[in-house]
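The values are calculated or read from the model by the stated rules, or taken from the named source; none is laboratory data. Bear in mind the structure is a predicted one, so any value in this text is a computation, not a measurement. Positions of Cβ are generated from backbone atoms using ideal geometry, with glycine treated the same way; all protein chains shown enter the neighbour counts.
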Amino acid sequence: MSNDTEAMALAVIRLLYEVARGEAMQWHTLHQIDGTEDAIVFALQQGWLLIDGNLAALTDLGCSVAEELGRPLH
């Protein structure tokens with residue numbers, strides 16, 4: 001797994017954290033962006049998020065990791 005994949009996975013969960021306003025298990029549409037497939041798989045393997053079709057939700061662990069990342073990415 002490349003560092004770029006992990007960095008992208010962290011960016012995905014941080015953005016999802018912002019959209020969910022820091023709440024775990026808030027389901028949101030996950031728009032597929034080229035190059036994010038591996039990052040999403042990585043985040044799933046880490047237990048940071050759950051996927052149901054095109055919806056994604058952060059787990060409690062994912063929220064904790066995203067919170068530790070600090071300020072918003074944008």
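Summary of values
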quantity: Number of the exception - SER2 against (1) at pLDDT 85 or above; (2) surrounded by fewer than 20 Cβ atoms within 10 Å (Cβ to Cβ); calculated: (1)
quantity: Residue ranges of helices (runs of 4 or more DSSP H) in region 1-68 with at least 2 members hydroxyl-bearing (Ser, Thr, Tyr); calculated: 3-19
quantity: Residue satisfying all of: in region 46-63; more than 16 Å from THR36 (Cβ to Cβ) and touching a helix residue (DSSP H, G or I) at 6+ places or on another chain (Cβ under 7 Å); modelled with the highest pLDDT among these; calculated: GLY47
